[in-house]
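*Asks:* Take this structure, written in structure tokens, and hold onto it; I'll ask about it next.
The values are calculated or read from the model by the stated rules, or taken from the named source; none is laboratory data. The structure displayed is predicted, hence computed values, not measured ones. Cβ coordinates were reconstructed from backbone atoms using ideal geometry, including for glycine residues, and neighbour counts include every protein chain displayed. Ligands, DNA and RNA are excluded from the accessible area calculation, which covers all protein heavy atoms including side chains. Shrake-Rupley method; radii C 1.70, N 1.55, O 1.52, S 1.80 Å.
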Amino acid sequence: MHEEQQQPDEQQPPVAAGHGPLAGFTVGVTAARRADELGALLQRRGAAVLHAPALRIVPLADDSELLAATKDLLDQAPDVVVATTAIGFRGWVEAAEGWGLGEQLLDRLRHGELLARGPKVKGAIRAAGLTEDWSPSSESMAEVLDRLLEEGVDGRRVAVQLHGEPLPGFVESLRAGGAEVVGVPVYRWMPPEDLGPVDRLLDAAVSRGLDAITFTSAPAAVSLLDRAEERGLTAELLAALHHDVLPACVGPVTAVPLQARGIDTVQPERFRLGPLVQLLCQELPGRARVLPVAGHRVEIRGQAVIVDGRLRPVPPAGMSLLRALSRRPGWVVSRAELLRALPGAGRDEHAVETAMARLRTALGAPKLIQTVVKRGYRLALDPAADAKYADD
């Protein structure tokens, strides 16, 4: 969905009065760039945000590779230059200026065919006093490749501003078509220096303390998967992403590493942060369980409960119990089964009683959960709903 065509509020999923559509959900953010912007968009809609940059961007302003590639293009002019990211293009121009080669580089770029992957790159090109020759409407490198191959690249010198992410088949296809390809490495993705936040995000994901994880670059997805492997958590993370934690990617290229592991992702139609957040506003409330319990409307969200339109934050242990009770609404769940649902509870069933007391207090309506003497607990499902759930 395009940002300018977003649906009006009355068509969005129902939410508690006074709360955003993401109230009660916790979303992990793996972005290194624009993480504050994405986090603010999510929080504005009620989400709790766990930020863990899965990578860091290392600029190569002093790197010999970038200097060598720049001098190579100054010595032998490219026929085509492909600019892939705004930050990368700006970094290239700034680095050239620092070496005293800025004007020479801009002059080279003026006299070749300059292609921009999307509107942000176009903005960076124009800010440098240049004008792009063409930009794809889809912001897809595949469309850039199609155009180049249709034009014919045999014998042409093509410079590609690399941006840290893999470009599957792009360079290979150009070379197969007879092009001489010069890579311009402006910056690289590296693992974060502090792995603490990433580890906390992984722990939250495998314990179902997250409802969604957002990815805005393929390297971030790769980095998170790599860290899970280092910690021996790959199976647990993949299981969480398969069933309980929604992986939301800004676009199809970002989704490739996850899809390679068999993980289905959701993606907005327009590859931007705004539509990504809007997509979560539709997807996450749609996954919530709504039940008529003891005369109340109870909506069980990821990390909170909405009772009759009022948001009720619930501790993690309480949410674990509530999820176990809601799997078969109205049925008695034994203390032993509830104990297994409690993370790290051990073997003492008294832990269930303690967590249950806190859950009832958090819900603000103690009669929502009934104690069945010597058997366990059950959600006090309204009688009219009994038939609906009896055969589930």
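*Asks:* Scan (1) at pLDDT 95 or above; (2) closer than 15 Å to Val29 by Cβ; (3) open to solvent by 30 Å² or more (accessible area, probe 1.4 Å) for the single condition Asp211 breaks and write down its number.
*Replies:* (3)
*Asks:* Please enumerate the residues belonging to region 209-232 that are in contact with a Lys or Arg (Cβ under 8 Å, 6 or more places away or on another chain) and free of Cβ contacts under 8 Å to residues at least 60 places away in the same chain.
*Replies:* Hit for region 209-232 is Leu225, nothing else.
*Asks:* While we're on this one: Among (1) out of contact with any helix residue (DSSP H, G or I) (no Cβ under 7 Å at 6 or more places or on another chain); (2) within 23 Å of Ala40 (Cβ to Cβ); (3) at pLDDT below 90; (4) not small (Gly, Ala, Ser), where does Pro252 come up short?
*Replies:* Condition not satisfied by Pro252: (2).
Residue-wise test of (1) under 31 Å from the mean Cα position of the chain (by Cα); (2) outside any helix (DSSP H, G or I); (3) farther than 30 Å from Leu238 by Cα.
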{"site": "Val121", "(1), (2), (3)": "yes, no, yes"}
{"site": "Leu130", "(1), (2), (3)": "no, yes, yes"}
{"site": "Glu139", "(1), (2), (3)": "yes, yes, no"}
{"site": "Asp146", "(1), (2), (3)": "yes, no, yes"}
{"site": "Val158", "(1), (2), (3)": "no, yes, yes"}
{"site": "Leu201", "(1), (2), (3)": "yes, no, no"}
{"site": "Ala205", "(1), (2), (3)": "yes, no, no"}
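*Asks:* Based on what the data block shows, is Thr254 closer than 13 Å to Val29 by Cβ, among the β-branched types (Val, Ile, Thr), within 10 Å of the chain's Cα centre (by Cα) and surrounded by 21 or more Cβ atoms within 10 Å (Cβ to Cβ)?
*Replies:* Values: closer than 13 Å to Val29 by Cβ: no; among the β-branched types (Val, Ile, Thr): yes; within 10 Å of the chain's Cα centre (by Cα): yes; surrounded by 21 or more Cβ atoms within 10 Å (Cβ to Cβ): yes.
Against the criterion (closer than 13 Å to Val29 by Cβ, among the β-branched types (Val, Ile, Thr), within 10 Å of the chain's Cα centre (by Cα) and surrounded by 21 or more Cβ atoms within 10 Å (Cβ to Cβ)), Thr254 does not qualify.
*Asks:* A follow-up question, please. Scan region 92-119 for residues that are closer than 28 Å to Gly251 by Cα and outside any helix (DSSP H, G or I) and jot them down.
*Replies:* Keep residues of region 92-119 that are closer than 28 Å to Gly251 by Cα, which gives 92-93, 113-119.
Residues satisfying the conditions are Glu113, Leu114, Leu115, Ala116, Arg117, Gly118.
*Asks:* A further question on this structure: Could you say whether any residue in region 342-355 is among the basic types (Lys, Arg) and either outside any loop (DSSP other than H, G, I, E, B) or modelled with pLDDT of 90 or more (or both)?
*Replies:* To start, the set of residues in region 342-355 that are among the basic types (Lys, Arg) comprises 347.
Retained after the next criterion (residues that are either outside any loop (DSSP other than H, G, I, E, B) or modelled with pLDDT of 90 or more (or both)): none.
Scanning region 342-355, I find no residue that is among the basic types (Lys, Arg) and either outside any loop (DSSP other than H, G, I, E, B) or modelled with pLDDT of 90 or more (or both), so the answer is no.
*Asks:* Which one of the conditions (1) open to solvent by 30 Å² or more (accessible area, probe 1.4 Å); (2) modelled with pLDDT under 90 does Arg297 fail to meet, given that it meets all the rest?
*Replies:* (2)
*Asks:* Applying the selection to region 331-376, what residues are under 19 Å from Arg312 (Cβ atoms) and among the polar types (S, T, N, Q)?
*Replies:* Passing the criteria: Thr354, Thr361, Gln370.
*Asks:* Considering only residues that are crowded, with 16+ Cβ neighbours inside 10 Å, not in a loop (DSSP other than H, G, I, E, B) and not hydrophobic (A, V, I, L, M, F, W, C), which ones fall in region 237-251?
*Replies:* Correct list: Pro247 only.
*Asks:* Right, next: Kindly provide the set of residues from region 331-341 that are hydrophobic (A, V, I, L, M, F, W, C) and either in contact with a Lys or Arg (Cβ under 8 Å, 6 or more places away or on another chain) or at pLDDT below 90 (or both), ordered by number.
*Replies:* Within region 331-341, the first condition is being hydrophobic (A, V, I, L, M, F, W, C), and the residues that meet it are 331-333, 336, 338-339, 341.
Trp331, Val332, Val333, Leu339, Ala341, listed by residue number.
*Asks:* Let me ask something else. Which residue is farthest from Arg270 (Cα to Cα), if the candidates are limited to region 156-180 and must be open to solvent by 70 Å² or more (accessible area, probe 1.4 Å) and touching a residue at least 24 places away in the same chain (Cβ under 8 Å)?
*Replies:* Of the residues in region 156-180, the ones open to solvent by 70 Å² or more (accessible area, probe 1.4 Å) are 166, 168, 172, 175-176, 180.
Subsequent filtering for residues that are touching a residue at least 24 places away in the same chain (Cβ under 8 Å) retains 166, 168, 180.
Working: Pro166: 21, Pro168: 21, Glu180: 33 Å.
Per the criteria, the residue is Glu180.
*Asks:* Here's something else I'd like to know. Confirm whether Leu145 is in contact with an Asp or Glu (Cβ under 8 Å, 6 or more places away or on another chain), touching a residue at least 12 places away in the same chain (Cβ under 8 Å), of a type in the set (A, V, I, L, M, F, W, C) and surrounded by 19 or more Cβ atoms within 10 Å (Cβ to Cβ). Outline the logic, then answer.
*Replies:* Numbers: in contact with an Asp or Glu (Cβ under 8 Å, 6 or more places away or on another chain): no; touching a residue at least 12 places away in the same chain (Cβ under 8 Å): yes; of a type in the set (A, V, I, L, M, F, W, C): yes; surrounded by 19 or more Cβ atoms within 10 Å (Cβ to Cβ): yes.
So Leu145 does not fit the description; no.
*Asks:* From the residues in region 116-142 that are of a type in the set (Asp, Glu) and either surrounded by 14 or more Cβ atoms within 10 Å (Cβ to Cβ) or touching a residue at least 60 places away in the same chain (Cβ under 8 Å) (or both), which one is nearest to Leu73 (Cα to Cα)?
*Replies:* Kept after step one, since they are of a type in the set (Asp, Glu), are these residues of region 116-142: 132-133, 139.
Subsequent filtering for residues that are either surrounded by 14 or more Cβ atoms within 10 Å (Cβ to Cβ) or touching a residue at least 60 places away in the same chain (Cβ under 8 Å) (or both) retains 132, 139.
Numbers: Glu132: 18, Glu139: 25 Å.
Ranking the qualifying residues of region 116-142, first place goes to Glu132.
*Asks:* Out of region 39-78, which residues are closer than 20 Å to Val158 by Cβ and surrounded by fewer than 16 Cβ atoms within 10 Å (Cβ to Cβ)?
*Replies:* Within region 39-78, Glu65, Ala68, Lys71, Asp72, Leu74, Asp75, Gln76, Ala77 qualify.
*Asks:* Here's something else I'd like to know. Just wondering, is there one or more residues in region 105-115 that are over 24 Å from Thr216 (Cα atoms), of a type in the set (Lys, Arg) and loosely packed, with under 14 Cβ neighbours inside 10 Å? Even if it seems obvious, please write down each step before you answer.
*Replies:* The first filter runs over region 105-115 and keeps only residues over 24 Å from Thr216 (Cα atoms), leaving 105-114.
Remaining after also requiring of a type in the set (Lys, Arg): 108, 110.
Then drop every residue that is not loosely packed, with under 14 Cβ neighbours inside 10 Å, which leaves 110.
Yes - at least one qualifying residue is present in region 105-115.
*Asks:* Could you list, in sequence order, all residues of region 83-94 that are touching a helix residue (DSSP H, G or I) at 6+ places or on another chain (Cβ under 6 Å) and surrounded by 22 or more Cβ atoms within 10 Å (Cβ to Cβ)? First the steps, then the outcome.
*Replies:* The initial filter retains those residues of region 83-94 that are touching a helix residue (DSSP H, G or I) at 6+ places or on another chain (Cβ under 6 Å), namely 83, 86, 89-90.
Matches in region 83-94: Ala83, Phe89.
*Asks:* Has region 181-188 got at least one residue that is open to solvent by 30 Å² or more (accessible area, probe 1.4 Å), aromatic (Phe, Trp, Tyr), closer than 23 Å to Trp92 by Cα and at pLDDT below 80? Give the steps one after another, and end with the answer.
*Replies:* Restricting attention to region 181-188, the residues satisfying the condition of being open to solvent by 30 Å² or more (accessible area, probe 1.4 Å) are 183, 188.
Subset that is aromatic (Phe, Trp, Tyr): none.
Taking every residue of region 181-188 in turn, none turns out to be open to solvent by 30 Å² or more (accessible area, probe 1.4 Å), aromatic (Phe, Trp, Tyr), closer than 23 Å to Trp92 by Cα and at pLDDT below 80.
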